[in-house]
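> Here it is, the structure, as structure tokens.
The values are calculated or read from the model by the stated rules, or taken from the named source; none is laboratory data. Bear in mind the structure is a predicted one, so any value in this text is a computation, not a measurement. Note that each Cβ is placed from the backbone with ideal geometry, even for glycine, and that neighbours are counted across all protein chains shown. Calculation scope for accessible area: heavy atoms of the full protein, side chains included, ligands and nucleic acids excluded. Shrake-Rupley method; radii C 1.70, N 1.55, O 1.52, S 1.80 Å.
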Amino acid sequence: MKRRPALEALVDPLIALLLAVGYVTLLLHTVSDLGYARDEGFYFRAASDYKKWFDALFRDPLAALDPSFVDRYWRDNHEHPAFVKSLFALSYKYLHLEFHLFREAGTAFRFPGMVLASVGVATTYLWGRRSIGRLAGFVAALLLAMQPAMFYHSHRACFDVAVMTMWLVTTDADGRSREGGLGWAILTGILYGLELDTKHNAWLLPPALI
């Protein structure tokens, strides 16, 4: 008698996972037709420098954490937060240079943004499912994924869709924390910290939540 509720509890996470994987797959199959935007070039260059710092960090952590050494590799594009560019750097390092999962370096740089876009789609489904129902959540996720602006920006190694996703997951976690549970409150703080390290318009979220 307990098996059916247990299986039922897996349905929505599985749907969310399938939506996320499906969206990443669609983005990867359509990225080759999309030329590089001007601002992507700045982030590619910065992420390449960050990759060199990560190489040094894994080789000699104490030396890599010296302030002068950090400044040497992180000064490029310093006006933008570093979280997403760090993901670009690590994807380039491992998925292109080391494991050769992507033949195009640009696709490796772009891949973290695609994953974050897919997390946003999955979160939209789960939030809609919890708030209204499964069909509403599914339709909301599809409508988000297929918005022309969303679909276009989900391919790019930029911060727009990334900060949208961080805004979404942080707000969702905040809503869950208001229902009770210290864990969700702590997670909200962690997610908001990552959002601040994604793009500066994250500073607008606390007034919106208040």
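> Suppose every K and R has +1 on its Cβ and every D and E has -1 on its Cβ; what is the size of the dipole of segment 25-176 about the Cα centre, in Debye to the nearest 20?
It works out to roughly 380 debye.
> Here's another thing I want to ask about it. Given the chain, what whole percent of its Cα pairs are spread farther than 20 Å?
Looking at the chain, the distances longer than 20 Å represent 63 percent of pairs.
> Bin width 5 Å, alpha-carbon pairs only: give the P(r) of segment 48-139 as whole percents, running from 0 to the bin holding the largest distance.
Binned Cα distances yield the sequence 3, 13, 16, 16, 14, 11, 9, 7, 5, 4, 1.
> Right, next: How many percent of all Cα-Cα pairs in segment 86-210 sit more than 26 Å apart?
Numbers: 2159 of 7750 pairs.
Summing the P(r) tail past 26 Å for segment 86-210 gives 28 percent.
> What is the count of Lys pairs in the chain whose alpha carbons sit under 21 Å apart, if the two are 8 or more places apart or on different chains?
7
> Can you work out the base-10 log of I(q)/I(0) for segment 111-170 at q = 0.17, 0.25, 0.28 1/Å, using the Debye formula on its C-alpha atoms alone?
-0.50, -0.95, -1.10
> How far, in nm, would the chain grow between Leu204 and Ser131 when pulled straight, counting 0.36 nm per residue and subtracting the alpha carbon separation?
Details: separation 73, 0.36 × 73 = 26.28 nm, distance 2.42 nm.
In short, 23.9 nm is gained.
> Could you give the accessible area per residue of segment 48-174, probe 1.4 Å, as a whole number in Å²? The partial results should precede the final answer.
Details: 6090 Å² over 127 residues.
For segment 48-174, the solvent-accessible area averages 48 Å² per residue.
> How tilted is helix 38-59 with respect to the longest principal axis of the chain? Cα atoms for both, answer in degrees (0 to 90, nearest 10).
Helix 38-59 sits roughly 80 degrees off the main axis of the chain.
> Tell me the carbon and sulfur percent of the accessible area for segment 171-210, rounded to whole percent, probe radius 1.4 Å.
On the way: 1680 of 2400 Å².
Here it works out to 70 percent.
> Something else now. Hey, any idea what % of segment 1-78's accessible area is carbon plus sulfur with a 1.4 Å probe? Walk me through the intermediate numbers first.
Details: 3450 of 5390 Å².
Roughly 64 percent, rounded to a whole number.
> Follow-up question, since we're still on this one. Extent of segment 2-75 along each principal axis, from alpha carbon coordinates, in Å, largest to smallest?
58, 38, 16
> How long is the gain from Phe69 to Arg103 if the chain were fully straight, where each residue apart is worth 0.36 nm and the alpha carbon distance is subtracted?
9.2 nm
> Divide by every residue of the chain the summed helix terms, -39500 (n - 2.57) for each DSSP H run of at least 4, and state the resulting mean residue ellipticity at 222 nm, rounded to the nearest 500 deg cm²/dmol.
Details: 11 runs with 156 residues, N = 210.
About -24000 deg cm²/dmol.
> Shifting gears a bit: What ranking, highest mean first, results for peptides 104-117, 195-208 when packing means the other Cβ atoms within 10 Å averaged over each residue?
Ranking, from highest mean packing down: 104-117, 195-208.
> Let me ask something additional. Using alpha carbon centroids, what distance separates segment 161-182 and segment 66-100, in Å?
Taking the Cα centre of each part, segment 161-182 and segment 66-100 sit 26 Å apart.
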